[in-house]
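K.L.:
A single structure is presented below for examination.
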Amino acid sequence: MPVVDVVNLDGKKVGQVELADAVFGAKVNPHLLHEASRWYLRGLRAGTHKTKDKSEVSGAGRKLWRRGTKVDGCGCVVA
C-alpha cells in the first residue's frame, strides 16, 4: 500500500495515510488519461461561438435569377 504524508496549512508534516491499492494501485492508461483531460478542458471553454442565421446572412432570401446563361437563349443549365 502506498503511504502519503499529511501536511497542515503551514506545510509541516502532521501524519501519514495509507492509500488503498484497489484505488491508487491501478495501472495508468495514458490514452484514457489524455481523453479525460481533453474532456475536462473542453468543458472549461467559454462557449461564446455563434453561427449566422438566415436573417444575418448576406443575400439570404429568394433566388435573384434563373440558372443558365442569357446569351444562349435556350435556358440550358450550365454546370
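K.L.:
Just checking, does region 12-28 include any residue being modelled with pLDDT under 85, surrounded by 10 or more Cβ atoms within 10 Å (Cβ to Cβ) and charged (D, E, K, R)?
P.N.:
no
K.L.:
VAL4: surrounded by 10 or more Cβ atoms within 10 Å (Cβ to Cβ), at pLDDT 85 or above and in a strand (DSSP E or B), yes or no?
P.N.:
Judged against the criteria, VAL4 is a match.
K.L.:
Any idea which of (1) part of a loop (DSSP other than H, G, I, E, B); (2) β-branched (Val, Ile, Thr); (3) modelled with pLDDT of 85 or more is the one VAL57 doesn't satisfy?
P.N.:
(3)
K.L.:
Can you tell me which residues in region 29-45 are among the hydrophobic types (A, V, I, L, M, F, W, C) and surrounded by 10 or more Cβ atoms within 10 Å (Cβ to Cβ)?
P.N.:
LEU33, ALA36
The values are calculated or read from the model by the stated rules, or taken from the named source; none is laboratory data. Source: prediction; values computed, not measured. Quick reminder, even Gly has a Cβ in these numbers, built from the backbone with ideal geometry, and neighbours come from all protein chains shown.
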